[in-house]
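The values are calculated or read from the model by the stated rules, or taken from the named source; none is laboratory data. Quick caveat, the model's predicted, so the values are computed rather than measured. Note: ideal-geometry Cβ built from the backbone for every residue, glycine included; neighbour counts use all protein chains shown.
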Amino acid sequence: MNTMCSHFAIFSDVHANLPALNAVLADIDRHGITRIYCLGDVVDFAPWPNEVIALLRERQIPVLRGNHDQRVACNEPVTPMAKHSPEERDARADAIALSKRTITAENRRWLRSLPASILLEQPRRILLVHASPRSLSEYLYADTPANTLLAFPQLQTVDALICGHTHFAHVRTINTPEGRPLVFANPGAVGRIKPGQPPASWLSGDVQEGALSLTIKTVNYDVQQVANAIRQSNVPDFYADELTRRIAQW
C-alpha cells in the first residue's frame, strides 16, 4: 500500500487496551494531526480487542498486520518463547486463546485483510512495517547493527524505516555505504508497557522543505483502571500485575 506523507502520526502495539488507545488518539488530535497509521498488534492481553478494532475502523486508520493479529486471525498455534518464564508462557497461551474465542467473525476477516507494509511517499519515502521488512516477528532494536538493517533490500530506495513490535521507542539515523542517511525509528507501544518505557507512546512525523523530522511523544492514562478491568475479566491477572509493576518503574 502506498500513500502520501507530510505531517503524520504513527503508533503500534495497542494489544486490546482501549483506554490507552483513546488517550493516544486524544493526544494526536490535540496536535492537529489527521494522517494516522497503526503498525499492528491490536489484539491480546487486555479485555477490549473488538472495541479497539471498532475504533480503528471508525477512525479509518490504516493498520498493519502484526504477529498477534496474524495468529488470532488465522488461528495459528502459540509457540512458547524461551525468554518467557513458565508463568508468562501459560498466561500468554491463555490470553491468546481468549482472543481467538472473543474476536468476532467480521473482525477476524478484517485482521486477515490487513497489509504487511505501507509505503509513505512524497516528498520522503518511509516504509512502515510491524516488525521488520521480511517478518512479522523479527526484533529490530535501537542497537541493531547498521549492517543488519542495510541488508534488507527494501531499504535501498527509502529514506526511513519505522517498525513496532519491540515496544521500545527510539529514533536513530544510520548512513548507507553511499553516505545516504537512513532513519530507523520505533514509536514504542500503546497498550503494553516494557521496562523503562512510558505508559504509552507514539511517533510524530513531519516533512518540511524535504527534511524528515520524527519525535517520540509520551502519553499518560489510567493504568490502574486497565489493571482493574483485566482482573475483572478473563484475561490472565499476569497482565494486570505487569502493568502496575511497569508503571511503578516509570
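Data table
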| item | result |
| --- | --- |
| Residue, nearest to residue 247 (Cα to Cα), within the range 184-198, restricted to residues that are hydrophobic (A, V, I, L, M, F, W, C) and assigned to a loop (DSSP other than H, G, I, E, B) | 193 |
| Selected residue (only one of 244, 166 is in contact with a helix residue (DSSP H, G or I) (Cβ under 6 Å, 6 or more places away or on another chain), of a type in the set (S, T, N, Q), surrounded by 15 or more Cβ atoms within 10 Å (Cβ to Cβ) and under 20 Å from residue 43 (Cα atoms)) | 244 |
| Residue list for the range 13-40, restricted to those being buried (at least 20 other Cβ atoms within 10 Å of the Cβ), on the phi < 0 side of the Ramachandran plot and not hydrophobic (A, V, I, L, M, F, W, C) | 17, 27, 37 |
| Matching residues in the range 94-113 - criterion: being in contact (Cβ under 8 Å) with a residue 60 or more places away in the chain and surrounded by fewer than 19 Cβ atoms within 10 Å (Cβ to Cβ) | 94 |
| Search result, residues across the range 97-112 that are closer than 15 Å to residue 230 by Cβ and either within 20 Å of the chain's Cα centre (by Cα) or among the charged types (D, E, K, R) (or both) | 99 |
| The listed residue being in contact with a Gly (Cβ under 6 Å, 6 or more places away or on another chain), at pLDDT 95 or above and crowded, with 16+ Cβ neighbours inside 10 Å, out of 214, 203 | 214 |
| Members of the range 150-173 that are in contact with a Phe, Trp or Tyr (Cβ under 6 Å, 6 or more places away or on another chain) and either closer than 16 Å to residue 116 by Cα or not in a loop (DSSP other than H, G, I, E, B) (or both) | 161, 172 |
| Conditions (1) over 30 Å from residue 100 (Cα atoms); (2) of a type outside the set (Val, Ile, Thr); (3) over 21 Å from the mean Cα position of the chain (by Cα); number of the one not met by residue 229 | (1) |
| Failed condition for residue 88, given (1) part of a helix (DSSP H, G or I); (2) farther than 18 Å from residue 40 by Cβ; (3) without any contact (Cβ under 8 Å) to a residue 60 or more places away in the chain; (4) not aliphatic (A, V, I, L, M) | (3) |
| Selected residue (only one of 187, 181 is over 21 Å from residue 26 (Cα atoms) and of a type outside the set (D, E, K, R)) | 181 |
